[in-house]
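Student: Here it is: the structure, laid out below.
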Amino acid sequence: MRLSKLSRPGRGRAALKLVARAAVGGYAAFAGLNAQAADLSSVAPAFGNTVVSSYPDGTSQKIWLHPDGSWDGISRKGNHLAGHWTLRDAKVCLRQSKPPTLPISFCTAVPSSGDAQWSSRDVLGRPITLSLMKGVPSEYQAGEASTR
């Protein structure tokens, strides 16, 4: 008579530990998602509005955050951009996926009201001014800028 692998000495305990670790890991992942969902109120003013990054040379970049954690935009050169955002320590962090770049994130505080302006630095450390402007320009509505 053959014994199953789990009924051999020590196997049941190892399997139980594995299941317990998976359950704890799953709980931690869902707890993190729930915490982020609860904090969406800090970035909610950006949904349906335009975040403009203005550079000292007069150029600007526009991005639009979406409640599903994605974002899209137009670069300073007019190229379509897209990626995902997360919340970390009261900051919104953007990671670009289109066009592909280095796997780094840009994080900045997000003001809690519309039509706000604040100073920051871009990914390369250059000074920029960020503005939250009400609405989305008509040429970028209905997914025209979206490359998600």
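The values are calculated or read from the model by the stated rules, or taken from the named source; none is laboratory data. Owing to the predicted nature of the structure, the values given are computational and were not obtained by experimental measurement. Using ideal geometry, Cβ is built from the backbone for each residue, glycine included, and neighbour counts are taken over all protein chains shown.
Student: Given the condition modelled with pLDDT of 80 or more and under 17 Å from the mean Cα position of the chain (by Cα), answer yes or no: does some residue in region 133-141 qualify?
Tutor: No.
So that you can scan it fast, the table gives a plain yes or no per residue for (1) of a type in the set (S, T, N, Q); (2) within 22 Å of GLY58 (Cα to Cα); (3) in the same structural domain as ILE63 (by TED's automatic domain parsing):
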| position | (1), (2), (3) |
| --- | --- |
| ILE74 | no, yes, yes |
| ALA90 | no, no, yes |
| PRO103 | no, no, yes |
| THR108 | yes, yes, yes |
| ALA116 | no, yes, yes |
| ARG121 | no, yes, yes |
| GLY125 | no, yes, yes |
| VAL136 | no, yes, yes |
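Student: Among the residues of region 77-91, is any modelled with pLDDT of 90 or more, among the small types (Gly, Ala, Ser) and touching an Asp or Glu at 6+ places or on another chain (Cβ under 7 Å)?
Tutor: yes
Student: Anything in region 25-73 that is in a helix (DSSP H, G or I), at pLDDT 65 or above and of a type in the set (Gly, Ala, Ser)? List them, or say none.
Tutor: SER41, SER42, ALA44, ALA46
Student: Check whether at least one residue in region 52-62 is of a type in the set (Asp, Glu) and over 19 Å from GLY125 (Cβ atoms), and report yes or no.
Tutor: no
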